[in-house]
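Chemist: Sharing a structure with you now.
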Amino acid sequence: MPDNAVAAVLLAAGGSSRFGQPKQLLDWEGRPMIAHLADVAWAAGLSPIIVILGAEAERIAPALAERPVQILRNYRWVEGLGSSVALGVSALMSSPAAVFLQVDQPFVTPHLLRSLVSRWRDTAPRPEIVAPTWEGRLGSPVLFDQLLFPELAQLAADVGGRALFKTHAEKILPYPVTDPLLLADADNPDVYAQLQSARQDSTALLPSIRAVISDMDGVLWRGSNPLPGLRDFFALLEERGLDYMLVTNNANQSVAHYVEKLAHLGIPTAPEHVLNSAEAAGDYLAEHAPSHATVYVVGGPGLREVLARHGFILTDGDTADYVVVGWNPTFTWEDMAKATMLIRQGARFIGTNPDRSFPLEKGLVPGAGAQLALLEAATDVAPFVIGKPEPVLYEQAMLRMHASPETTLVIGDRLDTDILGGLRLGMPTAMVLSGINSLEDVHHSPIHPDLIFDDLKALAVAWRARLER
Ligand SMILES: [Mg+2]
């Protein structure tokens with residue numbers, strides 16, 4: 001995680017007199033609420049994650065075992081929220097900002113947290129506070145810029161961070177949400193029961209889906225074999241008039257290769273429906289780079305072809321505007337030395353995909369992400385990565401369909417790329433168990449897909465059933 005990451009402070013010290021048990025341990029999606037909130041903060045990319053415990057700390061702490069969080073104990077929790085906020089701030093060393101979350105807001109999403117962070121990052125001058133609003137009312141979670149940390153550290157007794165809303169009213173950037181459920185808090189058992197039932201059947205999201213972005217390997221096929229439901233799934237897309245994009249982090253196989261493979265499996269499709277991370281890199285650069293920019297490529301012939309087709313000048317010279325790195329099993333020390341020097345001279349460092357390993361029949365070998373790691377170590381510059389779970393590949397896919405995130409379903413078999421990428425963009429996510437990750441993995445993962453199916457067949461059946469209700 002880069003040094004300038006925004007931190008999370010999860011406030012979970014309070015007692016739960018109304019619940020008869022710690023509300024931190026109430027069930028949410030099959031795990032304790034406090035673990036769920038820590039997972040949401042992790043999936044949003046917040047780091048470090050500081051958790052403040054107080055009441056029944058010994059009983060609650062084990063629920064966070066094996067999670068990458070730092071637990072602090074507030075012995076003065078009875079005095080109120082202020083002392084917990086102050087304690088959280090004391091643990092923030094170099095964070096430029098922190099998001100304060102309440103443990104009883106189970107509908108907070110990674111996308112909401114990332115939206116607060118990007119509002120803060122992208123607004124000039126930077127706001128001191130970013131808070132979600134519903135119908136004009138400020139809610140939680142709240143992002144505070146480090147400028148306010150000294151004031152937060154002074155809070156005591158029953159005065160929480162919201163005290164700063166009055167004194168800094170003009171420095172607050174509101175972030176209006178479109179669904180009040182996002183900000184709901186399980187304040188008492190009745191509300192908790194209402195919230196539980198509100199999230200009951202997640203297939204309720206399916207009728208509003210207008211477009212689909214699906215991974216291929218492990219979803220549509222495994223090796224050269226089609227997976228169950230492949231034809232049925234495409235028939236459903238056709239019947240419902242749903243647009244779709246088939247996407248992959250793999251930058252080595254051309255779009256034509258996938259179109260051909262699908263035809264072979266009995267699915268006729270057009271190249272416009274397929275996007276790999278090389279094409280997405282080309283689209284992204286075409287949008288953001290000056291025309292005729294020079295590019296030094298460390299990657300296969302496919303990546304070179306894409307960038308040349310987008311009008312970039314491929315160079316082996318001593319200067320370049322961009323260094324673009326894709327998987328290349330024949331790269332040499334000379335290639336890496338050149339890329340290092342160019343990045344150190346200021347060339348922008350772009351990676352097609354972050355996959356650290358690549359499966360060959362004989363086993364896992366270094367992937368594009370391993371090449372990026374080598375260059376990052378040599379340059380101290382982090383690459384801008386196109387592939388999942390970073391947003392560009394999905395964003396380019398949505399752009400091609402004129403689709404919006406909330407009505408575009410992500411389908412994938414990998415939690416840490418397919419599903420995480422969707423969650424971060426606020427897209428509904430469906431995981432299929434026909435590929436890399438199992439149900440067991442889901443139970444241990446901080447990444448929570450909205451929907452889980454055995455395979456595309458089960459997804460198509462559930463979708464049809466929902467539409468027929
Ligand atoms: Mg896959």
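The values are calculated or read from the model by the stated rules, or taken from the named source; none is laboratory data. Note that this is a predicted model, so its numbers are computed, not measured. Reconstructed Cβ throughout: ideal geometry from the backbone, glycine too, with neighbour counts over all protein chains shown.
Chemist: Looking at the stretch 166-195 only, could you name the residues that are under 24 Å from the mean Cα position of the chain (by Cα) and not aliphatic (A, V, I, L, M)?
Modeler: P174, Y175, P176, T178, D179, P180, D185 - these are the residues of the stretch 166-195 that are under 24 Å from the mean Cα position of the chain (by Cα) and not aliphatic (A, V, I, L, M).
Chemist: Within the stretch 314-335, can you find the residues that are in contact with a helix residue (DSSP H, G or I) (Cβ under 9 Å, 6 or more places away or on another chain) and of a type in the set (A, V, I, L, M, F, W, C)?
Modeler: L314, A320, V323, V324, V325, W327, F331
Chemist: Counting only residues that are at pLDDT 85 or above and in a loop (DSSP other than H, G, I, E, B), how many does the stretch 142-163 have?
Modeler: Of all residues in the stretch 142-163, those at pLDDT 85 or above come to 142-155.
Keeping just the survivors that are in a loop (DSSP other than H, G, I, E, B) gives 154-155.
The qualifying residues number 2.
Chemist: Something else now. Being assigned to a loop (DSSP other than H, G, I, E, B) and either at pLDDT 95 or above or not assigned by TED's automatic domain parsing to the domain that holds A286 (or both): is that true of G387 here?
Modeler: On the way: assigned to a loop (DSSP other than H, G, I, E, B): yes; either at pLDDT 95 or above or not assigned by TED's automatic domain parsing to the domain that holds A286 (or both): yes.
For G387, the condition - assigned to a loop (DSSP other than H, G, I, E, B) and either at pLDDT 95 or above or not assigned by TED's automatic domain parsing to the domain that holds A286 (or both) - is met.
Chemist: Could you say which residue among I386, I447, I452 is crowded, with 24+ Cβ neighbours inside 10 Å and either aromatic (F, W, Y) or within 16 Å of the ligand (Cβ to nearest atom) (or both)? Don't jump to the end; show me each part of the working.
Modeler: Details: I386 fails: either aromatic (F, W, Y) or within 16 Å of the ligand (Cβ to nearest atom) (or both); I452 fails: crowded, with 24+ Cβ neighbours inside 10 Å.
None of the others qualify; the one that does is I447.
Chemist: A follow-up question, please. Having 3 or more residues that are within 16 Å of the ligand (Cβ to nearest atom) is the bar; report the strands (runs of 3 or more DSSP E) wholly within the stretch 164-278 that clear it. Before you say what the answer is, go through the steps one by one.
Modeler: Numbers: elements: 172-176, 211-215, 243-248, 274-276.
The qualifying strands (runs of 3 or more DSSP E) are 211-215, 243-248, 274-276.
Chemist: Just a yes or no: is a residue in the stretch 207-226 of a type in the set (K, R), closer than 19 Å to V461 by Cα and touching a residue at least 60 places away in the same chain (Cβ under 8 Å)? Steps first, please.
Modeler: Looking only at the stretch 207-226, we keep the residues that are of a type in the set (K, R), and these are 210, 222.
Subset that is closer than 19 Å to V461 by Cα: 210.
With the extra rule that they be touching a residue at least 60 places away in the same chain (Cβ under 8 Å), the set shrinks to 210.
Looking through the stretch 207-226, at least one residue is of a type in the set (K, R), closer than 19 Å to V461 by Cα and touching a residue at least 60 places away in the same chain (Cβ under 8 Å).
Yes/no per residue for (1) farther than 27 Å from A157 by Cβ; (2) at pLDDT 95 or above; (3) crowded, with 21+ Cβ neighbours inside 10 Å:
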| position | (1), (2), (3) |
| --- | --- |
| P62 | yes, yes, no |
| R67 | yes, no, no |
| G80 | no, no, no |
| L87 | no, no, yes |
| A98 | no, yes, yes |
| L116 | no, yes, yes |
| G136 | yes, no, no |
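Chemist: Could you please find all residues in the stretch 421-440 being farther than 17 Å from L459 by Cβ and more than 13 Å from the ligand (Cβ to nearest atom)?
Modeler: Residues of the stretch 421-440 that are farther than 17 Å from L459 by Cβ, as a first pass: 421, 423-426, 440.
L423, R424, L425, G426, E440, listed by residue number.
Chemist: Scan the stretch 374-390 residue by residue and report those that are of a type outside the set (D, E, K, R) and touching a residue at least 12 places away in the same chain (Cβ under 8 Å).
Modeler: Of the stretch 374-390, the ones of a type outside the set (D, E, K, R) are 374-375, 377-379, 381-387, 389.
Across the stretch 374-390, the qualifying residues are L374, L375, A378, T379, V381, A382, P383, F384, V385, I386, G387, P389.
Chemist: Here's another thing I want to ask about it. For the condition more than 14 Å from I213 (Cβ to Cβ), acidic (D, E) and either outside the structural domain of S208 (by TED's automatic domain parsing) or under 20 Å from the mean Cα position of the chain (by Cα) (or both), what is the one hit in D413, D441?
Modeler: Details: D413 fails: more than 14 Å from I213 (Cβ to Cβ).
Selected residue: D441, the only one of D413, D441 that is more than 14 Å from I213 (Cβ to Cβ), acidic (D, E) and either outside the structural domain of S208 (by TED's automatic domain parsing) or under 20 Å from the mean Cα position of the chain (by Cα) (or both).
Chemist: What about I436, is it at pLDDT below 95 and not in a helix (DSSP H, G or I)? Explain how you work it out, then say what you get.
Modeler: Values: at pLDDT below 95: yes; not in a helix (DSSP H, G or I): yes.
Yes, satisfied.
Chemist: Then there's this: Condition (residue is out of contact with any strand residue (DSSP E or B) (no Cβ under 9 Å at 6 or more places or on another chain) and either at positive phi or in the same structural domain as N188 (by TED's automatic domain parsing) (or both)) applied to the stretch 33-42: is it met by at least one residue? Walk me through it before giving the result.
Modeler: Of the residues in the stretch 33-42, the ones out of contact with any strand residue (DSSP E or B) (no Cβ under 9 Å at 6 or more places or on another chain) are none.
The answer is no; no qualifying residue exists.
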